[in-house]
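Notes to accompany the following structure.
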Amino acid sequence: MERAKTTAPLNCIGKALLALHSKEEPMVLHWILTIDGAVDPARLNFALLAVLFRRRSPKSSIQAAPFGLVRGSQDAYNSEILSVWDLVGPQVPDEDDSRIGARRERRLSEWMNKPLDPAKALPCRVLLLREALRESSLVFTFHHAAVDGVRALRFVSEVIQEYNGVAERSRLSAQGAPATDGDQLVALAKACRPGVKHFYLKMAASLAHRFLIAPFSPNARIHRTTSKPSAEICFCQDHLNPRELRQIRSKSKSVGVKVNDILLAACFRTIEQWNEGYGKPSRKISIMVPVDVGSAVSSPTMANQVSFISVPTTQKERSDPEELIRRVGRRTSDMLRNGIAFSMVYAAYFCTRLPPGIPKTVARLVMATRIYLDTVLLTNLGLIWPKEVTSMEGVKIGSAKIAGVVVIPPVVSPMGISLSAGTYNDCLHVALAYKTSHFSEAQAERFLGLYLREIRSYQGTPEAVPVPEAIHHDTREPVPA
């Protein structure tokens, strides 16, 4: 790899994620596209290089500088971005689908086993896993310090547009916007300040509550049978069909909340039901909700623009499902309106302004004590592609159809589970990623089944309807070298 040609400062959230990564908590996310049809590797590689030429963060390794960590832009044309693998084993004409699926999962697991250290390699890599002329998988893997979920989706979308020859070159200029002085996320927070009354007072109150008051009433944890340090994760997935999703949307409109509020309410009740099943009643449950604090248009110079809010509920508030979604809706709306997500930007900024060893020590403390962390992470990426592009036939990449999209978020050990939702092809796809050292395959599938049943309860599905079996995938992520 060539020496970096340009550098840009790493923002505070990126530095905080790198501190977690250094404590055997890999901050890596994966976009997995299931494709029906053939994809041309040469054409795909050309599309990747074209987009990387415009996007600075996915082709920037992390480097040490006199005044802290920076992103050093590399020459992507001399880097191995795309890997093309074929399923191993003889091709039998009438081979059982389950055996093909098992081979596919092993190969995907092998890909995800590869460490992704942004200090030694580009924070973005892509796998095309071919299965003769049948179904294939396209995996976009990103380090979270370089790209968040929303900007990863935009990157994937641009690659598909470039592959199809329909990229908007007037909007996607090769010349990135000039970098601003200081931390770009803090600059976004300052820009938000005029619209929020007593902005800094609210930031201080939010931080004081989280780090000084909340620890005296710690959040409940999802009960697990074991709790050993490990970087390995697995995931399983399931979905709501178009009819069920329409009913959930109708329910949210009738109550005056958003679909995301129903997903949150269902998650609260699932955790409570899960813990009660093990004789572990829960008092306060808090869900970490990632928030995009960036602008609608992603600049090539911007990388991770994510922060989060913590939505808590008490046992009493969770007793009435109807009232719960109203409370969750009001609480999240108030937090977003008051810019509470920026309080964690300031917390990360102040911490990462200290000498490099301090953020790593803080990360170790947070992982060990667990009292500052939420119960679980839940993110809803919304509509994966715009409505005018998405139809029941799905998005095309060349002549091949993208049949499904799954997003696998990072998982931190104290939580043990992360949930990710997204709407594609008029279906709500939900993926559950979990630490293998904390949960078994059967437990993860059961938790996801309970969660989907709770969501369905908000659209009037009878209790007698069986919970569909979750689809399990083994995606182990080893500790980075």
For this session: Please work out how much length the chain gains when fully extended from LEU207 to ALA403, using 0.36 nm per residue of separation minus the C-alpha to C-alpha distance, in nm with one decimal.
Result: 66.3 nm
Seminar exercise, completed: Amide H proximity to ASP86 below 5 Å, modelled H, separation 5+ or other chain, gives ARG130
Problem set entry | Reference-scaled alpha-carbon Rg (2.2 N^0.38 Å with N residues) for region 274-376 | 1.32
Seminar exercise, completed: Listing HIS223, HIS143 by rising number of other beta-carbon atoms within 10 angstrom, fewest first, gives HIS223, HIS143
Problem set entry | Cα radius of gyration and Dmax for region 305-439 (Å) | 18.7, 53
For this session: Multiply the residue gap between THR369 and ARG193 by 0.36 nm, knock off their C-alpha separation, and tell me the result in nm, one decimal place.
Result: 60.1 nm
Problem set entry | Inter-site label distance for ASN164 and ARG330 at 7 Å from Cα along Cβ, in nm | 4.4 nm
Exercise. Given H placed on each backbone N at 1.01 Å, which residues far from PHE308 in sequence or on other chains put an amide H within less than 5 Å of it?
Worked result: VAL291, MET344
Problem set entry | Potential lengthening between LYS280 and LYS120 on full extension [0.36 nm per residue; Cα-Cα distance subtracted] | 53.3 nm
For this session: For ALA403, enumerate residues with amide H under 5 Å from its amide H, sequence gap 5+ or separate chain, H modeled in the peptide plane.
Result: THR34, ILE35, ASP36
Exercise. When you count, for each residue, the other Cβ atoms within 10 Å and take the mean per peptide, how do 26-34, 308-316 rank with the highest first?
Worked result: 26-34, 308-316
Seminar exercise, completed: Kirkwood Rh for region 197-335 from C-alpha pairs, in Å, is 17.8 Å
Seminar exercise, completed: Of region 209-245, those with amide N under 14 Å from the point 7 Å along the Cα→Cβ vector of ALA442 are 225
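Bear in mind these aren't lab numbers, they're just calculated from the coordinates by the rules spelled out. These numbers were taken from a predicted model, which means no experiment stands behind them. Reconstructed Cβ throughout: ideal geometry from the backbone, glycine too, with neighbour counts over all protein chains shown.
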